[in-house]
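Visitor: Structure in structure tokens, see below.
The values are calculated or read from the model by the stated rules, or taken from the named source; none is laboratory data. For clarity, every value in this text was computed on a predicted model and none was experimentally measured. Neighbour counts run over all protein chains shown; Cβ positions are idealised from the backbone, glycine included. The area values use the complete protein model at the heavy-atom level, side chains included, leaving out ligands, DNA and RNA. Shrake-Rupley method; radii C 1.70, N 1.55, O 1.52, S 1.80 Å.
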Amino acid sequence: MEGLDTLRLTAREAKKLLVDGEISSAELTKAYLDQIAAVEDRVRAYILVTADNAAKYSTKVDREMQAMRGPLAGLPIAVKDNMVTEGVTTTCASRILNNYMPVYTATAVRQLWDDHVVMLGKTNLDEFAMGSSTENSSFQTTRNPWDLGTVPGGSSGGSAAAVAAGEALWGLGSDTGGSIRQPAALCGVVGMKPTYGLVSRYGLIAFASSLDQIGPLTRSVYDCALLLRHIMGKDPHDATSVTAPAPVDLPSAERLDGLRVGIPREYLAVGIEAGVRSRFDETVALVEELGGSCVEVSLPHTEYALPAYYIIAPAEASANLARFDGVRYGYRAADAGDLLTMYERTRGEGFGPEVKRRIMIGTYALSAGYYDAYYGRAQRVRTLVRRDFDEVFAEVDLVASPTSPTVAFPVGARTGDPLAMYMSDLCTIPVNLAGLPAISIPCGLSDGLPVGFQLIGPAFSENRVLGAAHALEAALGFDTAPPFRDAAAARVTGAAGHESAGPAR
Amino acid sequence: MIGEDDVRYVARLARLRLEQDEMRRMTAELAKILAHIDKMSELDTSAVPPTAHVLDLVDVTRADRVEPGLSREDALRNAPAVADDSFRIPRMG
């Protein structure tokens, strides 16, 4: 079908086109494969595009429409390459899992497959989801379609960029310290980390098990809720998954009457870019225009959340990544001699620099003599961070902040300084420590790059978060189509003189 | 302050071979990161209970029923080396 605008089409609209018979799943799928063919050499969002399988399966869905009818049947999706998919290679963007062919499928993906969703491919990420720019991928650097000289954020930068670039209708990501919300913010799409336990982690290659959650990256808040409804649920294969106290509703709110929103002063105290701050303040004003009320609140242990996270996440990672030892799957160093040398060389050659750093921090923090000072203390700080939220949610319904302190930064700008990269997640990390649901929605542009607005709710308040985000989204009217400008290249050729601060189009 | 000897010891614990230049860089980076992490010591946490996990889940069990698991063939499918239907590993040192 001609004229499908994959840069703007939502899943809700695509579903209606399918149901009304205006389009077939094969045509819809082809529109995304065509867009991938057109822009992927510039964006590089996918590690693997499963074009043939997608084309075949969408045709099958069309042919067997009666049997395959379902709320998501025939809608194409992109999946972050840290969720195992039977028969489709899964790499975690790591050399150590190069050519790994899973023999089972992650529950969240399995649920979508059972709903006859069409998988377009597996998207790029920071190796083992460790990073905030997708530059830690062992295979390729994904570019932000708003400005190809900048990063898409991370670690779910592949899924975020694919959705933003119209290379996917929607996508799945995972979020351990902001890995869905921060790339969503930087790419101008919607991203949500559900309450811990809402979505099964079975088949999500573990980074930090007490923090990881799978969630949606979409072009609208409605789509976000729609996708979440189909990936959530208690799973016997994940003992930490739970049944939600209430179903997730499809949001329809247009007003925020009576909603109390807290603005944590600590989140605004640290290095928020001026342009980000302006869009944030305007969106806060919009909350009040829609009938809500905003009050300043305090989350006093915020500055300790990042240090605690950078003990807890690496500690869990160092244990989780012990399984990659060259014995059962993945890369094995050749001719390594004895067993111990084989382990050490396999891991030394198979892991990239950031993964090694985190394994080292985690191992150090858990080692004899340091456990209490680091891991033990971090767990206690985690309790303080949780209590901060408990106290604030006694006063307000939701907490709002910028998702990321900055807009997308240039490729290479932070790779030399791990600590500077970690600062990208100041406003998102406390949410994972407390296990809360949070969403990022695009709230405007700063210097032509998207700014994300984060809404955080109490545990299992997905409907409140999604409802408020839906009302704000409608009032904001953000245009999700990126310009694919290449400011870096333009600077080189001296053609960037007319670059404006407004929407670059 | 973490030194190169500590880094060498921890790398051995983590079964991670680091080349000499990596070892030096890692020592400097870990020192900087740990200095930031040491901010936690400003807090008196002696009376605060630890959080290992945010959900109040205790003893999640299932019925003691045999269910199909991974077949031997599937379990070995991705192995770098296989012998006699088993994972083959180099000899112990």
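Visitor: Among the residues of the stretch A:317-331, what is the count of those that are surrounded by 23 or more Cβ atoms within 10 Å (Cβ to Cβ) and either under 19 Å from B:A75 (Cβ atoms) or assigned by TED's automatic domain parsing to the domain that holds A:T91 (or both)? Let's see the steps before the verdict.
Guide: First pass over the stretch A:317-331, keeping only residues surrounded by 23 or more Cβ atoms within 10 Å (Cβ to Cβ): A:317-318, A:321, A:324, A:326, A:329-330.
Pick out the ones that are also either under 19 Å from B:A75 (Cβ atoms) or assigned by TED's automatic domain parsing to the domain that holds A:T91 (or both) and you get A:324, A:326, A:329-330.
Selection size over the stretch A:317-331: 4.
Visitor: Are any residues in the stretch B:32-65 facing chain A (nearest Cβ under 7 Å), among the charged types (D, E, K, R) and surrounded by 10 or more Cβ atoms within 10 Å (Cβ to Cβ), and if so, which ones?
Guide: Listed by number, the residues that qualify are B:K32, B:K39.
Visitor: Moving to a separate point now. Select from the stretch A:277-292 the residues that are assigned to a helix (DSSP H, G or I), open to solvent by less than 20 Å² (accessible area, probe 1.4 Å) and not polar (S, T, N, Q) and write down the one among them that is nearest to A:G452 (Cα to Cα). Outline the logic, then answer.
Guide: Applying the first criterion (assigned to a helix (DSSP H, G or I)) to the stretch A:277-292 yields A:277-289.
In the following step, the residues that additionally are open to solvent by less than 20 Å² (accessible area, probe 1.4 Å) were identified as A:280, A:283, A:287.
From what is left, the residues that are not polar (S, T, N, Q) are A:280, A:287.
On the way: A:F280: 8, A:V287: 15 Å.
By that ranking, first place goes to A:F280.
Visitor: Could we say that B:I2 is touching a residue at least 24 places away in the same chain (Cβ under 8 Å), open to solvent by less than 60 Å² (accessible area, probe 1.4 Å), at the interface with chain A (Cβ under 8 Å from one of its Cβ atoms) and of a type outside the set (G, A, S) here?
Guide: yes
Here's the yes/no breakdown for (1) under 29 Å from A:S200 (Cα atoms); (2) part of a loop (DSSP other than H, G, I, E, B); (3) open to solvent by 50 Å² or more (accessible area, probe 1.4 Å); (4) not assigned by TED's automatic domain parsing to the domain that holds A:S210:
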site: A:P245; (1), (2), (3), (4): yes, yes, yes, no
site: A:L256; (1), (2), (3), (4): no, yes, no, no
site: A:L268; (1), (2), (3), (4): no, no, no, no
site: A:I272; (1), (2), (3), (4): no, yes, no, no
site: A:G275; (1), (2), (3), (4): no, no, no, no
site: A:C294; (1), (2), (3), (4): no, no, no, no
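Visitor: Kindly indicate whether any position in the stretch A:385-407 is open to solvent by 10 Å² or more (accessible area, probe 1.4 Å), over 26 Å from A:V189 (Cα atoms), within 11 Å of chain B (Cβ to nearest Cβ) and more than 23 Å from the chain's Cα centre (by Cα).
Guide: yes
Visitor: Here is a follow-up. Given (1) at pLDDT below 95; (2) open to solvent by 10 Å² or more (accessible area, probe 1.4 Å); (3) within 25 Å of A:T195 (Cα to Cα), where does A:S424 come up short, assuming only one miss?
Guide: Result: A:S424 passes all but (2).
Visitor: Name the residues in the stretch A:66-93 that are open to solvent by less than 60 Å² (accessible area, probe 1.4 Å), free of Cβ contacts under 8 Å to residues at least 60 places away in the same chain and over 27 Å from A:Y329 (Cβ atoms), would you?
Guide: Correct list: A:M68, A:G70, A:A73, A:G74.
Visitor: Follow-up. Under the condition of being of a type outside the set (K, R) and open to solvent by 70 Å² or more (accessible area, probe 1.4 Å), which residue from the stretch B:70-81 is modelled with the highest pLDDT?
Guide: By that ranking, first place goes to B:E73.
Visitor: Sort out which residues of the stretch A:335-352 are in contact with an Asp or Glu (Cβ under 8 Å, 6 or more places away or on another chain), assigned to a helix (DSSP H, G or I) and more than 7 Å from every other protein chain (Cβ to nearest Cβ), and write them in order of number.
Guide: Listed by number, the list holds a single entry, A:T346.
Visitor: While we're looking at this one, here's another question. Name the residues in the stretch A:290-311 that are facing chain B (nearest Cβ under 10 Å) and out of contact with any Leu (no Cβ under 7 Å at 6 or more places or on another chain), would you?
Guide: A:E303, A:P307, A:Y310, A:I311
Visitor: Looking at the stretch A:168-213, which of its residues are under 22 Å from A:A474 (Cβ atoms) and of a type in the set (G, A, S)?
Guide: A:A184, A:A185, A:G188, A:G191
Visitor: Here is a check on your reading of the model: is A:A305 surrounded by 15 or more Cβ atoms within 10 Å (Cβ to Cβ), outside any helix (DSSP H, G or I) and modelled with pLDDT of 95 or more? Steps first, please.
Guide: Working: surrounded by 15 or more Cβ atoms within 10 Å (Cβ to Cβ): yes; outside any helix (DSSP H, G or I): no; modelled with pLDDT of 95 or more: yes.
Considered against the rule, which asks whether it is surrounded by 15 or more Cβ atoms within 10 Å (Cβ to Cβ), outside any helix (DSSP H, G or I) and modelled with pLDDT of 95 or more, A:A305 comes out as no.
Visitor: Another question about this same structure. Could you run through the stretch A:357-376 and say how many residues are surrounded by fewer than 24 Cβ atoms within 10 Å (Cβ to Cβ) and within 7 Å of chain B (Cβ to nearest Cβ)?
Guide: 3
Visitor: Still on this structure, I have one more. Looking at (1) open to solvent by less than 10 Å² (accessible area, probe 1.4 Å); (2) closer than 23 Å to A:G153 by Cα, can you tell me which one A:A434 breaks?
Guide: Only one criterion is unmet by A:A434, namely (1).
Visitor: May I pose another question? Look through A:A269, A:A308 and report the one residue that is under 30 Å from A:R464 (Cα atoms), free of Cβ contacts under 8 Å to residues at least 12 places away in the same chain and of a type outside the set (D, E, K, R).
Guide: Values: A:A308 fails: free of Cβ contacts under 8 Å to residues at least 12 places away in the same chain.
A:A269 is the lone residue from the list that is under 30 Å from A:R464 (Cα atoms), free of Cβ contacts under 8 Å to residues at least 12 places away in the same chain and of a type outside the set (D, E, K, R).
Visitor: Let me ask another. Just the residues that are at the interface with chain A (Cβ under 8 Å from one of its Cβ atoms) and assigned to a helix (DSSP H, G or I), please, taken from the stretch B:16-31.
Guide: Matches in the stretch B:16-31: B:E22, B:M26, B:E29, B:L30.
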